[in-house]
Amino acid sequence: MKSKSPESEQYLSASNRITGTIVLVIGALGLLDVILEWRTATGVLVGSIIAIFMVLAYVGLMRPSVTLDPEHLLLRNHLRDHRIPWSKVTGADVTDLLRVHTDANRYRAPGVQLVMRDLRKQRVGGRKLAADSSISKADIVVNRIESHMEQYAGRSEGDVVTAWARPELIVLAVLAVIAVVAAILR
């Protein structure tokens with residue numbers, strides 16, 4: 001959990017963050033090698049492809065999160081953000097991912113997800129789940145969402161706002177254009 005302010009809570013997948021960081025470091029080393037050794041159109045092509053994969057790793061592994069504020073619930077998915085006022089939230093549950101319910105829709109949040117190993121243990125009912133299992137962590141997030149619903153529903157107003165992840169999409173488009181131009185000029 002990360003906090004931006006004393007009243008804000010952020011939940012995200014720690015294992016995805018660690019994996020994403022490792023992928024970005026390896027990608028940065030690859031980009032450094034390309035910059036130092038390949039100063040050709042082919043080097044630009046390879047560098048832009050590496051950068052595209054780095055942005056995809058960031059979008060897929062590091063960007064998804066769930067943020068609880070007194071004004072709203074923010075679900076950051078891979079390419080879209082959903083800002084939901086507490087007055088619109090009607091419930092939350094977890095299947096394989098966190099799902100937040102409103103009267104009009106159901107929003108999935110990959111920032112909080114269950115590990116398949118924990119799902120199998122729960123289904124079989126054999127060994128007891130550890131206190132730090134993904135299921136118990138997801139249950140904490142659901143409980144916090146329900147607590148915020150009760151506490152802030154009367155104070156928050158507005159509509160659900162869905163927005164695209166513009167910076168990430170712009171960077172991907174620019175890198176794709178650079179790769180195409182470099183491929184043409186090779």
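So for the stretch 48-56 (the condition being open to solvent by 20 Å² or more (accessible area, probe 1.4 Å), free of Cβ contacts under 8 Å to residues at least 24 places away in the same chain and either touching a Lys or Arg at 6+ places or on another chain (Cβ under 6 Å) or farther than 30 Å from A153 by Cβ (or both)), does at least one residue qualify?
Checked the stretch 48-56: at least one residue is open to solvent by 20 Å² or more (accessible area, probe 1.4 Å), free of Cβ contacts under 8 Å to residues at least 24 places away in the same chain and either touching a Lys or Arg at 6+ places or on another chain (Cβ under 6 Å) or farther than 30 Å from A153 by Cβ (or both).
Taking the options I26, I18, I35, name whichever one is surrounded by fewer than 18 Cβ atoms within 10 Å (Cβ to Cβ), at pLDDT below 90 and among the β-branched types (V, I, T).
Details: I26 fails: at pLDDT below 90; I18 fails: at pLDDT below 90.
On inspection, the qualifying residue turns out to be I35.
From the set of residues in the stretch 147-186 that are open to solvent by 70 Å² or more (accessible area, probe 1.4 Å) and under 24 Å from the mean Cα position of the chain (by Cα), which is modelled with the lowest pLDDT?
In this case the residue turns out to be D159.
Among the numbered conditions (1) surrounded by 15 or more Cβ atoms within 10 Å (Cβ to Cβ); (2) at pLDDT 90 or above, tell me where D118 comes up short.
For D118, the failing item is (2).
Please determine, by comparing only the residues of the stretch 75-95 that are among the aliphatic types (A, V, I, L, M) and under 14 Å from V142 (Cα atoms), which one is surrounded by the fewest Cβ atoms within 10 Å (Cβ to Cβ).
Going through the qualifying residues, I end up with V94.
In the stretch 134-180, which residues are in contact (Cβ under 8 Å) with a residue 12 or more places away in the chain, assigned to a helix (DSSP H, G or I) and under 30 Å from I49 (Cβ atoms)?
Matches in the stretch 134-180: E168, L169, V171, L172, L175, A176, I178, A179.
The values are calculated or read from the model by the stated rules, or taken from the named source; none is laboratory data. As the structure is a computational prediction, the values presented were derived from the model and not from experiment. For neighbour counting, all protein chains shown are included, and Cβ atoms are generated from backbone atoms with ideal geometry for every residue, glycine included. The accessibility values were calculated without ligands, DNA or RNA, using every heavy atom of the protein model including side chains. Shrake-Rupley method; radii C 1.70, N 1.55, O 1.52, S 1.80 Å.
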